[in-house]
1. Select from the stretch 21-51 the residues that are β-branched (Val, Ile, Thr) and closer than 17 Å to ALA117 by Cβ and write down the one among them that is most open to solvent (accessible area, probe 1.4 Å).
2. Quick check: anything in the stretch 70-77 free of Cβ contacts under 8 Å to residues at least 12 places away in the same chain and within 30 Å of SER2 (Cα to Cα)?
3. Can you find a residue in the stretch 92-109 that is β-branched (Val, Ile, Thr) and either in contact with a Phe, Trp or Tyr (Cβ under 8 Å, 6 or more places away or on another chain) or crowded, with 20+ Cβ neighbours inside 10 Å (or both)?
4. If PHE81 satisfies every condition in (1) over 12 Å from the mean Cα position of the chain (by Cα); (2) surrounded by fewer than 19 Cβ atoms within 10 Å (Cβ to Cβ) but one, which is the exception?
5. Hey, TRP6 hits all of (1) farther than 27 Å from GLU87 by Cα; (2) open to solvent by 70 Å² or more (accessible area, probe 1.4 Å); (3) touching a residue at least 60 places away in the same chain (Cβ under 8 Å); (4) assigned to a helix (DSSP H, G or I) but one; which does it fall short on?
6. Within the stretch 69-114, count every residue that is in contact with a Ser or Thr (Cβ under 7 Å, 6 or more places away or on another chain) and within 18 Å of CYS19 (Cβ to Cβ).
7. Can you name the number of the only condition in (1) without any contact (Cβ under 8 Å) to a residue 24 or more places away in the chain; (2) closer than 19 Å to ALA117 by Cα; (3) open to solvent by 50 Å² or more (accessible area, probe 1.4 Å) that VAL89 fails?
8. Restricting the search to the stretch 1-33, which residues are β-branched (Val, Ile, Thr) and under 16 Å from the mean Cα position of the chain (by Cα)?
Amino acid sequence: MSVWTWCGFLAAAALGACCRYLASLWIQRRVGGHHPWGTFAVNVGGCLVAGLMAGVALHQGLSADSVTVVVVGGIGSFTTFSTLAFESVRLLEEGETLVGLVNVVGSVVIGALAATAGVGVTTLW
């Protein structure tokens, strides 16, 4: 990986993490409630964008360096498995077993569907 790709990766990762925090907080404040909707929304949205970028890489010839910077750096830090795990365990510890399990399963299933939809959309271009 070149120095410029590495620098782009670091910048995209920093930007993605900051955007995740702000977007998750903004969504959670608007929706409210006990379920971590902010994290759910950024993870599913990130999966959709990652799928779109993967589709562009596969079908339109996006460079490996661009994928590294945008998908791995930016979208990888925008989405967050650790927060999903933390919030799900918190729900389980608080006795919200069904909500915690739905959070995990729903995030994985809907995230995978969003990524698949993103790849699928790029085949139409």
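1. Applying the filter and picking the extreme gives VAL49.
2. No.
3. Initially, the stretch 92-109 is screened for residues β-branched (Val, Ile, Thr), giving 97, 99, 102, 104-105, 108-109.
Filter once more, keeping what is either in contact with a Phe, Trp or Tyr (Cβ under 8 Å, 6 or more places away or on another chain) or crowded, with 20+ Cβ neighbours inside 10 Å (or both): none.
Checking the stretch 92-109: not a single residue is β-branched (Val, Ile, Thr) and either in contact with a Phe, Trp or Tyr (Cβ under 8 Å, 6 or more places away or on another chain) or crowded, with 20+ Cβ neighbours inside 10 Å (or both).
4. Of the numbered conditions (1) over 12 Å from the mean Cα position of the chain (by Cα); (2) surrounded by fewer than 19 Cβ atoms within 10 Å (Cβ to Cβ), the odd one out for PHE81 is (1).
5. (3)
6. Let us first name the residues in the stretch 69-114 that are in contact with a Ser or Thr (Cβ under 7 Å, 6 or more places away or on another chain), namely 69, 80, 83-84, 87, 100, 103-104.
From what's left, within 18 Å of CYS19 (Cβ to Cβ): 69, 80, 83-84.
Adding up the residues that qualify gives 4.
7. Unmet condition: (2).
8. First, the residues of the stretch 1-33 that are β-branched (Val, Ile, Thr): 3, 5, 27, 31.
Within the stretch 1-33, ILE27 is the sole residue that qualifies.
The values are calculated or read from the model by the stated rules, or taken from the named source; none is laboratory data. For clarity, every value in this text was computed on a predicted model and none was experimentally measured. Heads up, the Cβs are rebuilt from the backbone with ideal geometry, glycines too, and the neighbour counts pull from every protein chain shown. When the accessible area is computed, the model is the full protein with side chains, heavy atoms only, and any ligands, DNA or RNA have been set aside. Shrake-Rupley method; radii C 1.70, N 1.55, O 1.52, S 1.80 Å.
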